[in-house]
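The values are calculated or read from the model by the stated rules, or taken from the named source; none is laboratory data. Predicted model only: the values in this text are computed from it and were never measured. Note that we place each Cβ from the backbone using ideal geometry, even for glycine, and neighbour counts take in every protein chain shown. Ligands, DNA and RNA are stripped out before the accessible areas are found, and what is left, the full protein with its side chains, is counted by its heavy atoms. Shrake-Rupley method; radii C 1.70, N 1.55, O 1.52, S 1.80 Å.
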Amino acid sequence: IQSVIDQDYENIELIIINDGSTDNTHDVIMSLAEECKRRFVRFEYRNRENKGLPRTLNEMIEISRGEYIKFIASDDALYPNSIRKFIKKMIIENLDILYGRLALIDEEGNLIKVIEGLRLKRKFDFNDFNIETVLLSSPVFGSSWIIKREALIRIGCFNEISKIEDWDLHIRVILNNLKKGYTFEISSYYRTYKNKGPHFGSYLNWLREDLKIINQYRDINKKLYKRAVRNLFKNHFIRNRNYKNEEFIPIFKELITNYPFAISIFLDPVFLARLLLSKNQKKYIKKLLYFILGRRE
């Protein structure tokens with residue numbers, strides 16, 4: 001909140017929704033409420049029961065009045081004066097959405113490094129920011145972009161079928177041919193954690209949320225869709241390997257039950273090397289063999 005207050009761009013409305021937090025979030029917000037009322041052209045705060053991130057973001061869009069929208073997560077912060085710099089470029093180039101860089105910080109707020117907001121093969125080349133790129137994996141880091149409110153509404157806001165709301169949004173940015181741009185300016189401080197576990201409780205749940213997104217676009221290009229599914233399983237097997245490898249068999253069951261074509265990932269020597277060269281490699285091999293043989297450990 002303080003990072004928004006400190007922006008040098010004057011014409012800002014700040015909307016905060018406390019989505020059913022159980023800590024002292026409400027008290028922290030209220031301690032800054034009077035300052036927010038003085039600072040912003042409009043300050044809106046809602047404290048309510050949990051509805052989930054996609055629904056909360058859509059609620060914020062609905063009640064907003066500004067021409068441009070910038071989302072900032074509760075563990076991130078705006079980079080100094082970034083709003084003015086981003087809005088200026090969007091107006092000059094008549095952009096629908098503008099992506100920028102991020103200052104990566106640790107748990108204590110210490111700067112680690114500056115990274116690009118887009119994971120492109122060739123940096124800043126929007127020829128690489130295409131439907132193939134966005135279907136294979138989410139190429140956009142959170143908090144790195146600003147979008148026109150009208151454009152956001154035009155493409156349908158956030159899809160509430162999955163918790164991976166930002167990936168789906170940027171797929172539709174491409175499919176709807178929004179006018180997009182990139183800037184070397186830093187948008188936000190993006191926080192990372194050393195001991196971060198899986199999103200949504202487990203890697204299996206995370207995988208299923210990813211699959212909800214990609215399954216919507218299976219008919220755009222069936223060959224690309226299958227590549228994307230294989231890529232998801234590869235990623236989640238690798239992520240799972242040194243965290244809780246008891247998830248290996250449930251993920252494998254998901255693969256052979258619902259996506260048998262993806263079994264071909266085990267023919268990829270690079271993937272197998274990455275999978276097995278971990279501290280849990282013997283456990284993996286043992287679990288897989290027991291599963292295939294139908295025996296208990």
Quiz prompt | Filter result for Arg227 (out of contact with any Lys or Arg (no Cβ under 6 Å at 6 or more places or on another chain), in a loop (DSSP other than H, G, I, E, B), within 16 Å of Phe261 (Cα to Cα) and open to solvent by 90 Å² or more (accessible area, probe 1.4 Å)) | solution = no
Quiz item: Which of (1) in contact with a strand residue (DSSP E or B) (Cβ under 7 Å, 6 or more places away or on another chain); (2) within 22 Å of Asp210 (Cβ to Cβ) does Thr133 not meet, given it meets every other one?
Solution: (1)
Quiz prompt | Residues of segment 84-95 satisfying the condition of being open to solvent by 20 Å² or more (accessible area, probe 1.4 Å) and in contact (Cβ under 8 Å) with a residue 12 or more places away in the chain | solution = Arg84, Lys85, Lys89, Glu93, Asn94
Self-check item: Unmet requirement for Lys113, which otherwise passes all of (1) touching a residue at least 24 places away in the same chain (Cβ under 8 Å); (2) open to solvent by 90 Å² or more (accessible area, probe 1.4 Å); (3) assigned to a strand (DSSP E or B)
Solution: (1)
Practice problem: Tell me which of these Thr133 doesn't satisfy, since it passes every other one: (1) buried (at least 18 other Cβ atoms within 10 Å of the Cβ); (2) hydroxyl-bearing (Ser, Thr, Tyr); (3) touching a helix residue (DSSP H, G or I) at 6+ places or on another chain (Cβ under 7 Å). | Solution: (3)
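Here is a yes/no grid of residues against (1) in a strand (DSSP E or B); (2) modelled with pLDDT under 95:
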{"site": "Met90", "(1), (2)": "no, no"}
{"site": "Gly100", "(1), (2)": "yes, no"}
{"site": "Ala103", "(1), (2)": "yes, no"}
{"site": "Asp128", "(1), (2)": "no, yes"}
{"site": "Val134", "(1), (2)": "no, yes"}
{"site": "Ile147", "(1), (2)": "yes, no"}
{"site": "Cys157", "(1), (2)": "no, no"}
Quiz item: Restricting attention to segment 159-191, which residues are assigned to a helix (DSSP H, G or I) and either closer than 18 Å to Thr133 by Cβ or of a type in the set (A, V, I, L, M, F, W, C) (or both)?
Solution: Asp166, Trp167, Asp168, Leu169, His170, Ile171, Arg172, Val173, Ile174, Leu175
Self-check item: Residue count for segment 177-197, restricted to those that are open to solvent by less than 20 Å² (accessible area, probe 1.4 Å) and out of contact with any Ser or Thr (no Cβ under 9 Å at 6 or more places or on another chain)
Solution: 3
Quiz item: Does any residue in segment 165-185 that is more than 18 Å from Asp210 (Cα to Cα) come within less than 7 Å, Cβ to Cβ, of a residue that is part of a strand (DSSP E or B) and of a type in the set (Lys, Arg) six or more places away or on a different chain, and which pairs are these?
Solution: Phe184/Arg101; Glu185/Arg101
Exercise. Kindly provide the set of residues from segment 1-50 that are touching a helix residue (DSSP H, G or I) at 6+ places or on another chain (Cβ under 6 Å), surrounded by 12 or more Cβ atoms within 10 Å (Cβ to Cβ) and part of a loop (DSSP other than H, G, I, E, B), ordered by number.
Key: Ile1, Gln7, Tyr9
Practice problem: Scan segment 149-176 for residues that are closer than 17 Å to Gly66 by Cα and open to solvent by less than 30 Å² (accessible area, probe 1.4 Å) and jot them down. | Solution: Ala151, Leu152, Cys157
Quiz prompt | Whichever residue in segment 198-208 is under 15 Å from Trp167 (Cα atoms) and open to solvent by 20 Å² or more (accessible area, probe 1.4 Å) and, among such residues, is modelled with the highest pLDDT | solution = Arg208
Quiz item: Can you name the residue in segment 53-76 that is among the small types (Gly, Ala, Ser) and open to solvent by 20 Å² or more (accessible area, probe 1.4 Å) and is also farthest from the chain's Cα centre (by Cα) among such residues?
Solution: Gly66
Quiz item: Before we move on, is Ile256 in a helix (DSSP H, G or I), in contact with a Phe, Trp or Tyr (Cβ under 6 Å, 6 or more places away or on another chain), of a type in the set (A, V, I, L, M) and at pLDDT 90 or above?
Solution: no
